[in-house]
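Asker: Provided herewith is a single structure, encoded as structure tokens, for subsequent inquiry.
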Amino acid sequence: MAEIEVRFPDGKRRRYPQGTPLARIAADTGRADALVARVDGRLVDLAAALDAEAAVEFLNFEDPDGRMVYWHSSAHLMAQAVKQLFPQAQLAIGPPIEDGFYYDIDIGRPFGPEDLAQIEERMRDLARQDQTIERVEIPRDEAIRLYQEMGERFKLELLEDIPDARVSFYRQDGFLDMCRGPHLPSTGRIKAIKLLSTSGAYWRGDEHQPMLQRIYGVTFPEPAQLDAYLHQLEEAKRRDHRRLGRELELFAFAEEVGQGLPLWLPRGASVRMTLERYIVDLETQLGYRHVYTPDLADVELYKISGHWEHFRENMYPPMEIDHEELVLKPMNCPHHIMIYKHQQHSYRDLPIRIAELGRMYRYERSGTLAGLHRVRSMTLNDAHIFCRPEQIEEEFAGVIRLIQRVYRDLRIEAYRYDLALHDPASKEYYHHDEDLWAMAERLLRQVLDDLGLAYTSVLGGANFYGPKLDVQIRTATGAVESLSTVQLDFLLPRRFGLEYIGEDGKAHPPVMIHRAIISTMERMIAFLIENYAGAFPVWLAPEQARILPIADRHNAYAGQVSVRLREAGLRAEVDASNERISYKIRNAQMMKVPYMLVVGDREAESGQVAVRRREGGDLGPMALDAFVERVRQEVAAKA
RNA sequence: GCCGGCGUAGCUCAGUGGUAGAGCAGCGCACUCGUAAUGCGCAGGUCCGGGGUUCGAAUCCCCGCGCCGGCUCCA
């Protein structure tokens with residue numbers, strides 16, 4: 001029999017008879033941990049035979065692709081368990097996701113917690129049986145017949161979209177599921193199983209389609225990994241800004257005020273104000289000019305802009321009074337446009353950068369509201385740059401540099417750039433000037449490439465008026481949200497008939513760049529709370545120092561210290577409660593105050609403070625001026 | 001908005017048909033204390049709201065509101 005050469009990632013080569021199963025090669029090379037193989041870059045079942053020479057790599061659970069296969073097979077295992085327990089169940093799709101897997105299933109009623117426990121138990125049984133998972137390929141029409149017999153309507157719909165003459169299935173015991181694969185060699189590989197939650201999920205994500213039941217789960221090769229994962233989930237909950245927001249007295253919601261309408265408590269308002277001053281100062285340095293505009297506008301304004309057509313479902317309905325139809329402002333751009341339009345502009349004036357901490361109201365569906373991350377009343381760090389076409393690249397690049405500067409200052413490290421492009425197939429949403437789209441999108445790519453920015457392209461993510469670059473972050477609960485955004489717009493200036501007088505003495509439409517750096521104050525602060533786990537750096541901390549008198553007789557001196565600190569521009573408070581020093585320290589630590597200043601007889605006599613740092617503990621006594629200087633330097637460095 | 005879960009004191013939670021409880025927080029008193037919880041006492045509740053079943057409802061049923069996890073959508 002012919003021999004073939006197999007190349008491994010470490011550069012080694014071995015020869016095997018043609019047709020040797022990959023599983024044997026894995027065993028032969030001491031890779032008992034292999035879950036799946038990558039053959040010439042393609043993922044393949046271990047059961048598959050190797051027919052030609054190839055580069056072969058074995059993937060275990062540590063490999064992201066290996067893990068996906070593991071969770072994909074886990075989804076099948078869950079479906080198998082569900083099918084055994086509920087034979088009438090109709091299966092839809094069951095993919096692996098970033099942290100586990102889910103399967104969308106219709107059993108004609110919702111799953112309850114007891115169902116989950118039962119399914120989980122059955123999964124363990126099936127895994128213990130260590131059933132072989134095998135791939136079967138059958139002709140498409142046979143697959144259709146099979147699913148017709150089984151009454152699997154969702155699988156039949158999926159089949160409609162598969163043009164191939166043969167489709168692959170995977171079988172374990174009596175359970176058969178249409179699937180591209182690859183999969184684990186057997187169910188026994190799945191050791192630690194946890195079903196996490198159920199929820200409704202529309203078939204194909206479309207709310208006009210039937211609602212299926214989605215079960216989320218996660219599995220691991222080692223029970224300890226599952227424990228670690230569950231522990232990590234608990235830790236994430238501790239960081240959740242909704243929890244910290246309450247504990248640290250930053251913000252609150254009240255039923256009487258309304259859903260999604262946050263109340264900023266003094267401490268949260270302090271953080272917000274610091275951040276607002278910071279960004280406004282920075283923008284002023286960069287040539288932005290700040291404005292104020294009203295929260296209400298005639299709906300006509302949004303009819304001109306096109307928002308009424310495209311964004312109406314997110315707007316509060318008009319209030320009619322005195323022959324005007326007023327809506328709550330969902331966007332600041334039309335107002336800024338009107339400010340531009342108020343005067344005539346020469347090409348020499350451009351770019352004009354109009355900025356505002358603009359309060360907006362958007363109707364978000366009740367089910368989507370989430371703490372400060374998604375609210376109905378929000379303040380956007382908004383600005384609109386009006387420029388000449390040849391200034392786009394420079395202005396766009398300037399905005400990106402500003403984003404990078406701000407993220408460095410705020411110590412934001414985990415984020416991703418998404419370049420959101422229009423989808424030419426979706427005609428009804430986007431404006432129809434394809435040349436303009438092509439130009440705008442080419443320009444953006446150019447700027448990003450020049451800056452050497454790594455980004456992901458998202459087809460269909462653009463606004464109706466133009467493409468955009470979004471900065472995506474992850475919340476403590478794992479949701480992905482947009483923070484900063486930069487958007488290119490050729491459309492609105494035309495709709496509003498904006499112009500500038502060019503060198504040629506003729507009128508030309510300017511180009512608009514919409515941008516938000518800090519995002520909304522709500523979302524950014526939600527993110528920062530989670531980013532810092534509530535422990536704000538000194539420059540942002542609502543309370544920078546807490547003065548802790550040892551005994552009642554030191555309260556007067558503590559008061560003097562606090563006055564001097566405040567005069568020096570620090571945010572400081574005195575804990576004059578009738579408590580012991582350890583207790584006061586404990587409270588200050590729990591409120592995550594960066595500096596604690598202990599004052600007793602020694603300090604009062606010498607005019608000093610005993611400094612304790614939130615991280616690092618006791619720093620010893622220090623002259624008050626020295627402490628002020630220390631904090632000032634930290635604030636300046638945003639350390 | 002849709003599906004599921006949850007809603008008891010400011011917070012965390014116990015209480016599954018017989019008249020509501022703990023810890024922490026709050027207030028008072030004593031101790032006057034040196035780097036993550038001093039002790040004692042007091043007060044605090046339309047048990048989310050409304051309706052129903054029952055001799056009797058925090059507990060069972062119905063409707064509504066809010067929150068949480070998803071679906072969908074955006075900063």
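The values are calculated or read from the model by the stated rules, or taken from the named source; none is laboratory data. These figures come from a predicted structure and were not determined experimentally. FYI the Cβ positions are ideal-geometry reconstructions off the backbone, even for glycines, and counts take in every protein chain you see.
Asker: Among (1) under 21 Å from A:R24 (Cβ atoms); (2) in contact with a Cys (Cβ under 8 Å, 6 or more places away or on another chain), which single condition is A:H76 missing?
Answerer: All conditions pass for A:H76, except number (1).
Asker: Return the residues of the range A:6-36 that are surrounded by 12 or more Cβ atoms within 10 Å (Cβ to Cβ) and among the acidic types (D, E); say none if nothing qualifies.
Answerer: A:D28, A:D33
Matching residues to (1) within 15 Å of A:H514 (Cβ to Cβ); (2) in contact (Cβ under 8 Å) with a residue 60 or more places away in the chain:
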site	(1), (2)
A:T284	no, no
A:H290	no, yes
A:D295	no, yes
A:H307	yes, no
A:M315	no, no
A:H323	no, no
A:L328	no, no
A:N332	yes, no
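Asker: Of all residues being more than 9 Å from RNA strand B (Cβ to nearest atom) and not in a strand (DSSP E or B) in the range A:239-253, which is modelled with the lowest pLDDT? Just the residue, please.
Answerer: By that ranking, first place goes to A:R239.
Asker: Just one of the numbered conditions (1) of a type outside the set (A, V, I, L, M, F, W, C); (2) within 10 Å of RNA strand B (Cβ to nearest atom); (3) farther than 30 Å from A:P334 by Cβ is not true of A:T520; which one?
Answerer: Going through (1) of a type outside the set (A, V, I, L, M, F, W, C); (2) within 10 Å of RNA strand B (Cβ to nearest atom); (3) farther than 30 Å from A:P334 by Cβ one by one, A:T520 breaks only (3).
Asker: Which count do you get for residues in the range A:370-428 that are outside any strand (DSSP E or B), under 19 Å from A:T274 (Cβ atoms) and not aliphatic (A, V, I, L, M)?
Answerer: 5
Asker: Taking only the range A:126-150 into account, find how many residues are in contact with a strand residue (DSSP E or B) (Cβ under 7 Å, 6 or more places away or on another chain) and part of a loop (DSSP other than H, G, I, E, B).
Answerer: Selection size over the range A:126-150: 2.
Asker: Kindly check whether there is at least one residue in the range A:431-449 that is surrounded by 13 or more Cβ atoms within 10 Å (Cβ to Cβ) and within 21 Å of A:M331 (Cα to Cα).
Answerer: Going through the range A:431-449, the residues surrounded by 13 or more Cβ atoms within 10 Å (Cβ to Cβ) turn out to be A:431, A:433, A:436-437, A:439-441, A:443-448.
Within this subset, residues satisfying the condition of being within 21 Å of A:M331 (Cα to Cα) are A:431.
Yes, the range A:431-449 contains at least one residue that is surrounded by 13 or more Cβ atoms within 10 Å (Cβ to Cβ) and within 21 Å of A:M331 (Cα to Cα).
Asker: Considering only the range A:193-221, state which residues are touching a helix residue (DSSP H, G or I) at 6+ places or on another chain (Cβ under 7 Å) and either among the aromatic types (F, W, Y) or within 10 Å of RNA strand B (Cβ to nearest atom) (or both).
Answerer: Answer for the range A:193-221, where residues must be touching a helix residue (DSSP H, G or I) at 6+ places or on another chain (Cβ under 7 Å) and either among the aromatic types (F, W, Y) or within 10 Å of RNA strand B (Cβ to nearest atom) (or both): A:T198, A:W203, A:Q209, A:P210, A:L212, A:I215, A:F220.
Asker: Let me ask something additional. Do we have any residue at all in the range A:127-137 that's touching a His at 6+ places or on another chain (Cβ under 9 Å), of a type in the set (K, R) and either buried (at least 16 other Cβ atoms within 10 Å of the Cβ) or assigned by TED's automatic domain parsing to the domain that holds A:R13 (or both)?
Answerer: Within the range A:127-137, one or more residues are touching a His at 6+ places or on another chain (Cβ under 9 Å), of a type in the set (K, R) and either buried (at least 16 other Cβ atoms within 10 Å of the Cβ) or assigned by TED's automatic domain parsing to the domain that holds A:R13 (or both).
Asker: Separate question: For the structure I just gave you, tell me whether A:I529 is among the β-branched types (V, I, T), buried (at least 16 other Cβ atoms within 10 Å of the Cβ) and part of a helix (DSSP H, G or I).
Answerer: In short, yes.
Asker: Does A:A507 satisfy being buried (at least 19 other Cβ atoms within 10 Å of the Cβ), touching a strand residue (DSSP E or B) at 6+ places or on another chain (Cβ under 9 Å), free of Cβ contacts under 8 Å to residues at least 60 places away in the same chain and not hydroxyl-bearing (S, T, Y)?
Answerer: no
Asker: In this structure, is A:Y229 hydroxyl-bearing (S, T, Y), in a helix (DSSP H, G or I), farther than 30 Å from A:L570 by Cα and not assigned by TED's automatic domain parsing to the domain that holds A:L402?
Answerer: Values: hydroxyl-bearing (S, T, Y): yes; in a helix (DSSP H, G or I): yes; farther than 30 Å from A:L570 by Cα: yes; not assigned by TED's automatic domain parsing to the domain that holds A:L402: yes.
Yes: the conditions hold for A:Y229.
Asker: Taking the condition of being near RNA strand B (Cβ under 8 Å from one of its atoms) and at pLDDT 95 or above, how many residues in the range A:565-580 meet it?
Answerer: Restricting attention to the range A:565-580, the residues satisfying the condition of being near RNA strand B (Cβ under 8 Å from one of its atoms) are A:577-580.
Now drop any that are not at pLDDT 95 or above, which leaves none.
The qualifying residues number 0.
Asker: Here are some conditions: (1) under 33 Å from the mean Cα position of the chain (by Cα); (2) part of a helix (DSSP H, G or I); (3) aromatic (F, W, Y). A:F111 meets all but one. Which one does it not meet?
Answerer: Just one mismatch for A:F111, condition (2).
Asker: Let me ask something else about it. Could you look through the range A:276-294, keep only residues that are in a helix (DSSP H, G or I) and among the charged types (D, E, K, R), and pick out the one that is nearest to A:L357 (Cα to Cα)? Show your work before the answer.
Answerer: Restricting attention to the range A:276-294, the residues satisfying the condition of being in a helix (DSSP H, G or I) are A:276-285.
Subsequent filtering for residues that are among the charged types (D, E, K, R) retains A:276-277, A:281, A:283.
Working: A:E276: 8, A:R277: 10, A:D281: 12, A:E283: 11 Å.
Residue satisfying both the conditions and the ranking: A:E276.
Asker: To continue, here is another question. When residues of the range A:601-633 are filtered for being in contact with a Lys or Arg (Cβ under 9 Å, 6 or more places away or on another chain) and in contact (Cβ under 8 Å) with a residue 12 or more places away in the chain, how many remain?
Answerer: Residues that pass the stated criteria total 10.
Asker: Further, regarding this structure: Say whether the condition of being crowded, with 24+ Cβ neighbours inside 10 Å, over 30 Å from A:R348 (Cβ atoms), of a type in the set (F, W, Y) and within 16 Å of RNA strand B (Cβ to nearest atom) is met by at least one residue in the range A:555-564.
Answerer: No; the residues of the range A:555-564 include none that is crowded, with 24+ Cβ neighbours inside 10 Å, over 30 Å from A:R348 (Cβ atoms), of a type in the set (F, W, Y) and within 16 Å of RNA strand B (Cβ to nearest atom).
Asker: Okay, moving on. For the range A:58-112, what are the residues that are among the small types (G, A, S) and out of contact with any Phe, Trp or Tyr (no Cβ under 6 Å at 6 or more places or on another chain)?
Answerer: Scanning the range A:58-112 gives A:G66, A:S73, A:A81, A:A89, A:G108, A:G112.
Asker: Restricting to the range A:160-216, name every residue that is in a strand (DSSP E or B), more than 27 Å from A:N60 (Cα to Cα) and free of Cβ contacts under 8 Å to residues at least 40 places away in the same chain.
Answerer: A:R166, A:S199, A:Y202, A:M211
Asker: While we're on this one: Here are some residues: A:D104, A:D173. Which one is within 16 Å of RNA strand B (Cβ to nearest atom) and in the same structural domain as A:Y70 (by TED's automatic domain parsing)?
Answerer: Just one listed residue meets the conditions, A:D104.
Asker: Let me ask something else. Answer yes or no as to whether A:P537 is more than 15 Å from RNA strand B (Cβ to nearest atom) and either outside the structural domain of A:H307 (by TED's automatic domain parsing) or in a strand (DSSP E or B) (or both).
Answerer: Taking the combined requirement at face value, the residue satisfies it.
Asker: Just one of A:K638, A:K592 is on the phi > 0 side of the Ramachandran plot, within 42 Å of the chain's Cα centre (by Cα), surrounded by 18 or more Cβ atoms within 10 Å (Cβ to Cβ) and more than 8 Å from RNA strand B (Cβ to nearest atom); which is it?
Answerer: Working: A:K638 fails: surrounded by 18 or more Cβ atoms within 10 Å (Cβ to Cβ).
Only one candidate passes the filter, namely A:K592.
Asker: Select from the range A:358-377 the residues that are closer than 21 Å to A:L492 by Cβ and of a type outside the set (D, E, K, R) and list them in ascending order.
Answerer: A:G358, A:M360, A:Y361
Asker: Whether any residue in the range A:36-58 is in contact with a Ser or Thr (Cβ under 9 Å, 6 or more places away or on another chain), on the phi < 0 side of the Ramachandran plot and among the aromatic types (F, W, Y) is what I want to check.
Answerer: yes
Asker: Identify, from the list A:A236, A:A224, A:A269, A:A228, the residue that is small (G, A, S) and either crowded, with 19+ Cβ neighbours inside 10 Å or within 14 Å of RNA strand B (Cβ to nearest atom) (or both).
Answerer: Among A:A236, A:A224, A:A269, A:A228, only A:A236 is small (G, A, S) and either crowded, with 19+ Cβ neighbours inside 10 Å or within 14 Å of RNA strand B (Cβ to nearest atom) (or both).
Asker: To continue, here is another question. Given A:L492, A:L483, which one is modelled with pLDDT under 95, more than 9 Å from RNA strand B (Cβ to nearest atom) and crowded, with 20+ Cβ neighbours inside 10 Å?
Answerer: A:L492
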